[in-house]
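First up is the structure itself, then whatever we jot down about it.
The values are calculated or read from the model by the stated rules, or taken from the named source; none is laboratory data. Just so it is clear, the structure is predicted and the values come from calculations on it, not from any experiment. Here Cβ is always computed from backbone atoms with ideal geometry, including for glycine, and neighbour counts include all displayed protein chains.
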Amino acid sequence: MSSFWSNEFWRIARMVLLCWLVGLVLGFPLWGVIIGLVVYLWILGKRYQRFAVWMRGSLTEPDDFDGIFDDLAFSMYRVHQRSTKRKNRLSDLLRRWQDTSSALPDAVVVLDKNGDIIRFNQAASTLLGLKASDQGQYIGNFMRNPRFIHYLLTGDYNEHLEIASPLDITKILNIRMTPYGQDQRLMLVGDVTHIQRLMTMRRDFIGNVSHELRTPLTVIMGYLETMKDTGVCDEATLKDYIDRIEAPAQRMKSLVEDLLLLSNLDTGAPAGLSGSLVINVAAMLKNIVTEAEQLSNGQHTISLDVDSDIRLKGIEKEIYSGFYNLVINAVRYTPEGGKIIIEWLPYGDSARFCVRDNGPGIAREHLPRLTERFYRVDVGRSRSSGGTGLGLAIVKQVLRRHDAELHIESEPGKGSEFCCFFPQARIDLHENSKQEKREVS
Ligand code: ADP
């Protein structure tokens, strides 16, 4: 700064001295000094004009302004460069924050120390309904749940909070808050509805399994206690007790078997097309019908209509369980004298498996829940007929693993129809039929 002023001082001094000398030679030294000063001021004014034009512009690298304005312009240019760099760095940081946060599936909201919104990502708009115009507003205006307000105000963010979504009460949000930047807070919000539902399902499932096992176990324990209390008993009584124990023991066995099967279906490797074998469905259905007739014991008319040329690519054991459950259900729920029709026939470019009965039918409100584990329309009837409540859940899983769909149609008093639709990729036409089709075309 001092060289800045001293340079300019020597510049004036040189100019005035020169003019004074010229004035002295001409005999007007004072006029020489005055003219020297005026010329200096005029040059200064000219330089200022150029400087002012440059300053009003975009502050590019300055020209040589000469003298005081040269130093000034370069100082200003350096300050401007520094602040532009800082601004670029900040906007780069902000852009990177926006890019990163918008890629997150969770909502991210930055709050100031009062809980006012500073910024948020795309997911926050979806999950919390925040709009760009909401910046600067208090977050409590959008999330009015008293538990959230308490969480926000206490400042104790060791725990996370789970509350219903402000947009949809059926959704559960998980909220975590953490101190951030200077006096700011970072709020992370995730949709955990799916996890919550799974946890509830798991809890219900364990409760149901325990309940299903406890009932037959209590019966078995009851008879064992009686046998222990009464001591030695005659052969006929002993046989009677064993007969009575057999049914609940059988029920427990069926339940454990169905549970194991379901667990394998849930966790097993997918029944992909490459690993699948071609199943002779016609032959499989003949075996299932034989078993159904044994169970029916002549009480039903069971008819089978199959296209033996249509085969299925899949896992035979699983398909057998799925089809078997549907046929056996029809036998178990259809009263004596009823009719059961089993079909494996072409359906468009593909094929479908259907089991139709003229049994009691199922009321419409039960249909969407029938494939849930342990869901029964009539618990007593299901148990007395040996049902575990898992049959249709097994069917659903088997079909899911074979890219197929289950359609149920039923009307109380008119009977039920359970149909499995397979995609064309799962169908394999037997050689004879392929040949026939080629000849026809
Ligand atoms: P369950 O072991 O109780 O039969 P499922 O999962 O196989 O369990 O079936 C669920 C419920 O669907 C049954 O409890 C029964 O109420 C109903 N259901 C299944 N098949 C039929 C059918 N063919 N006719 C009438 N109701 C049926």
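I'm trying to understand the selection: among the residues of segment 406-432, which are outside any helix (DSSP H, G or I) and either among the hydrophobic types (A, V, I, L, M, F, W, C) or more than 14 Å from the ligand (Cβ to nearest atom) (or both)?
LEU406, ILE408, PHE418, CYS419, CYS420, PHE421, PHE422, PRO423, ILE427, ASP428, LEU429, HIS430
In segment 96-107, what residues are over 17 Å from the mean Cα position of the chain (by Cα) and surrounded by 19 or more Cβ atoms within 10 Å (Cβ to Cβ)?
The one that is over 17 Å from the mean Cα position of the chain (by Cα) and surrounded by 19 or more Cβ atoms within 10 Å (Cβ to Cβ): SER101.
What are the pairs, 6+ residues apart or on separate chains, where a residue within segment 146-158 that is assigned by TED's automatic domain parsing to the domain that holds ASN174 has its Cβ under 7 Å from a residue that is surrounded by fewer than 13 Cβ atoms within 10 Å (Cβ to Cβ) and among the polar types (S, T, N, Q)?
Listed pairs, sorted by first residue: TYR157/THR178.
Sort out which residues of segment 150-188 are within 20 Å of the chain's Cα centre (by Cα) and not aliphatic (A, V, I, L, M), and write them in order of number.
If the condition is that a residue be within 20 Å of the chain's Cα centre (by Cα) and not aliphatic (A, V, I, L, M), then HIS160, GLU162, SER165, PRO166, ASP168, THR170, LYS171, ASN174, ARG176 are the ones that fit.
Does LEU153 meet the test of being on the phi < 0 side of the Ramachandran plot and not in a helix (DSSP H, G or I)?
It is false that LEU153 is on the phi < 0 side of the Ramachandran plot and not in a helix (DSSP H, G or I).
Residue-by-condition table, conditions (1) assigned to a helix (DSSP H, G or I); (2) free of Cβ contacts under 8 Å to residues at least 60 places away in the same chain; (3) more than 28 Å from SER263 (Cα to Cα); (4) of a type in the set (D, E, K, R):
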site	(1), (2), (3), (4)
ARG185	no, no, yes, yes
VAL189	no, no, yes, no
ARG197	yes, yes, no, yes
ASN208	yes, no, no, no
ARG214	yes, yes, no, yes
VAL219	yes, yes, no, no
MET227	yes, yes, yes, no
THR237	yes, yes, yes, no
ASP240	yes, yes, yes, yes
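Looking only at residues in segment 379-389 that are at negative phi and in contact with a Ser or Thr (Cβ under 9 Å, 6 or more places away or on another chain), which one is farthest from the ligand (Cβ to nearest atom)?
ARG383
Would you say ASP243 is surrounded by fewer than 19 Cβ atoms within 10 Å (Cβ to Cβ) and in the same structural domain as HIS407 (by TED's automatic domain parsing)?
In short, no.
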